[in-house]
Structures are given as structure tokens and as C-alpha cells.
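Single-structure report; data block below.
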């Protein structure tokens, strides 16, 4: 199967966005993707589509793992440690909710991701305005 030219251009655009993103913008993109897949997990649960639910849960968990990798855990940064704890908690709740078909837990994770995404958007905007060399707070937290 040969990918369409439009898909190749879309992939190229996405790669360009990712490679030029600040650490804060990357977190925003990751959280947006996780939120989109969480909504699809909820829809799959409601449709009783176990295979699709499993596939999408794996996508969300891969994004959460990537968020964990972005946190700079070298040292005693309390904020970084708290972010890691949140991501670990999301991961545990994701699998528990999926296993037990608990859409309300998934909606709670989605809501929390939205709050965190809003914070990262604000940090990204602040970082663009000030343009510090390490990207502001994100530079301290992100590797």
C-alpha cells in the first residue's frame, strides 16, 4: 500500500512541527494527542469494541510514557518529581479504567490532562515572549 502524497506532506509537516517545538510546546502536543485518544477509548468502550479500546489505550499509554521521558529527573526538583507521580497515576488509572470499562475515570484523566495542557500553553506563551535560552520552566523540567 503506497501512502498518498497528502499523507506524506502531512507527516512531513508534523515532523517539522515536532522538531521545531519548544519543550513546552511538545508537552502541549503530547497532551492533545492523549486527550484525543482518550475520547476514542471512551467511544470504543461504549461501542463494546474491545480490540479498538486496547489499541487506543496503548496509544495513550505510549504518550504518557513519552511525557515521563520528557521530565528531567536528575536532581531533587520537586516539581519534576510531582509531574512524574501524576504521569504514573494517570497510567495506573488508564489501565484500571480500561480493564473495568470505567468511562468516568477516563473522563477524569482527560479533564486533568486538559488542565495541565492549559498550563503548558501558558508556559509556552510566556517562553516565547521572554525567549530565555532554556525555554523557561520547561527547560528546567525537560531534558
- Task: Of all residues in the stretch 93-105, count the ones that are touching a residue at least 12 places away in the same chain (Cβ under 8 Å) and farther than 12 Å from residue 46 by Cα.
- Result: 5
- Item | Those residues of the stretch 87-127 which are out of contact with any helix residue (DSSP H, G or I) (no Cβ under 7 Å at 6 or more places or on another chain) and under 17 Å from residue 70 (Cα atoms), in sequence order | 88, 89, 119
- Task: Output the number of residues of the stretch 113-143 satisfying the condition of being surrounded by 16 or more Cβ atoms within 10 Å (Cβ to Cβ), modelled with pLDDT of 90 or more and either touching a strand residue (DSSP E or B) at 6+ places or on another chain (Cβ under 8 Å) or closer than 14 Å to residue 34 by Cβ (or both).
- Result: 4
- Query: Could you say whether any residue in the stretch 77-84 is modelled with pLDDT under 95, touching a helix residue (DSSP H, G or I) at 6+ places or on another chain (Cβ under 8 Å), surrounded by fewer than 16 Cβ atoms within 10 Å (Cβ to Cβ) and not in a helix (DSSP H, G or I)?
  - Reply: yes
- Taking the stretch 22-60 as the region of interest, how many residues are without any contact (Cβ under 8 Å) to a residue 40 or more places away in the chain and under 22 Å from residue 122 (Cβ atoms)? 3
- Restricting the stretch 21-58 to residues that are outside any helix (DSSP H, G or I) and at pLDDT below 95, the one surrounded by the fewest Cβ atoms within 10 Å (Cβ to Cβ) turns out to be 21
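The values are calculated or read from the model by the stated rules, or taken from the named source; none is laboratory data. No experiment lies behind these values; they were computed from the predicted model shown. Positions of Cβ are backbone-derived with ideal geometry, glycine not excepted, and every protein chain shown enters the neighbour counts.
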